[in-house]
Structure formats: structure tokens, C-alpha cells
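Written out below as C-alpha cells is the structure these notes cover.
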Amino acid sequence: MLDTIAKPAVDRHNVRRIHGFPAWLQLVRAYNFMEARISADLRDDDLTLAQFDALVALVKKGAISQQALADHLLVTKGNVVGLVDRLSARGFVKRGASESDRRVNLLQITARGRRIVERALPRQLKLITRLMNTLTPAEAALLEGLLSRVRG
């Protein structure tokens, strides 16, 4: 019976020979490492990384549509609806109809939302600096360039 089980198409011992696989694996591990630490810090403010990213986007961009926020976060508009519902329930974001198109919900950060960004952002920037300090400025610039090429 065990003889009939199909073997994987790629031998797990040869997977490291696949072009780019070791680099991809290190990228995933580095992201997971950093995301865990960034998310742990945001838990002090009872925020997820997605919620914080949305709040920062609203501080930077001002009033934007739910679709524009979804595009910024690289998620679907449906994902943004739930995210904004949670932020709105906490008083961080408010929705309003667009004056030029009543079908469009414009999102705006509230004073309370702005205060939480002002409190958490400096901590986040210090944490990111500590996490990236293992690289020289030239190495960080090179990494940025390489990742931009991979992203397209």
C-alpha cells in the first residue's frame, strides 16, 4: 500500500538548488522575524499591523476612499470594510460620503486615531531601526533595490 503513494515532484533535498529558493526562504524568515516583533509592540496599543498601517496611511494621505486604502494595503475592498469597522468602533476612523460621488465612502482619521499613531509611530521607527541595524546603510540600500526588482 505504501508503495503506491506518489512521491513529491521535487526532492526536498534538492529544493535548495531551485533558482532563488534559498534567498526566498531567507526573505520569508526575515519577514516573519520582524513582523512578530513589530506586531508584539503594536499589541501595547491593542492594534494589529494592518490596523496600524491603515491609520498611518490615513494620516499621510488624508481622506481617501475605502478602495484607495485597499489598494494601499494590497488587500481587497472587502478586507478593508472589516478593518475599518473595527477602527471605527474604537473611534479611530470615521466614514463619510464623498461630496463628488455619494456612492464612495471617504475614510478620515479622527483625533483619537491620530493620537495613537503619534504614540506608536516613534516606537515602531525605533524598533525598525534596531532590527535593520545589522546592515550598513549601503547594504540596506542594496537590499531595498533588490527587493524592489523582485516586486516588479
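Where a number appears in this text, it was derived from the coordinates with a stated rule and is not lab data. Remember, it's a predicted structure, so these values are computed and weren't measured experimentally. Ideal geometry is used to build each Cβ from the backbone, glycine not excepted, and the neighbour counts take in all protein chains shown.
Once the C-beta distance of Arg103 and Leu73 is scaled by a Förster radius of 22 Å, the resulting FRET efficiency is 0.55 to the nearest 0.05.
Among all helices in the chain defined by DSSP H, which have a length of 27 Å or more along the axis from Cα atoms plus a Kyte-Doolittle mean of at least 0.0? It would help to have the intermediate numbers written out before the result.
Details: long enough: 21-42 (31 Å, 0.33); 111-132 (31 Å, -0.30).
Those that pass (Cα extent of 27 Å or more, hydropathy at least 0.0) are 21-42.
Please list 96-102, 58-64 highest first by mean number of surrounding beta-carbon atoms within 10 Å per residue. Before the final figure, lay out the partial values.
Working: 96-102: 9.6, 58-64: 15.1.
Descending mean neighbour count gives 58-64, 96-102.
Place the peptides 48-55, 136-143 in order of packing, highest mean first, counting for every residue the other Cβ atoms within 10 Å and averaging per peptide. Intermediate values should be presented prior to the final figure.
Values: 48-55: 19.2, 136-143: 10.8.
Final packing ranking: 48-55, 136-143.
Stretching Leu121 away from Arg95 to a fully extended chain increases their span by 7.1 nm, per 0.36 nm per residue minus the current alpha-carbon distance. The mean sequence separation of alpha-carbon pairs under 8 Å and at least six residues apart, normalised by the residue count of segment 21-151, gives a relative contact order of 22 percent. Against the set [x] 37, 22, 16; [y] 47, 12, 10; [z] 32, 16, 13, the structure's computed semi-axes √(5λ) of the Cα gyration tensor in Å falls on [x]. When the chain is fully extended, how far beyond the present Cα-Cα distance does Glu139 get from Asp45, taking 0.36 nm per residue of separation? Stretched fully, the Glu139-Asp45 segment lengthens by 30.6 nm. Quick one: net charge around Asp41, please, counting Lys, Arg +1 and Asp, Glu -1 for every other residue with C-beta under 10 Å from its C-beta. Every neighbour counted, the sum reads +2.
Given Cβ point charges of +1 (Lys, Arg) and -1 (Asp, Glu) and nothing else, what value in debye, to the nearest 20, does the dipole of the chain about its Cα centre take? Could the numbers behind the result be given before it?
Working: 25 positive and 15 negative charges, 46 e Å.
Dipole about the Cα centre, nearest 20: 220 debye.
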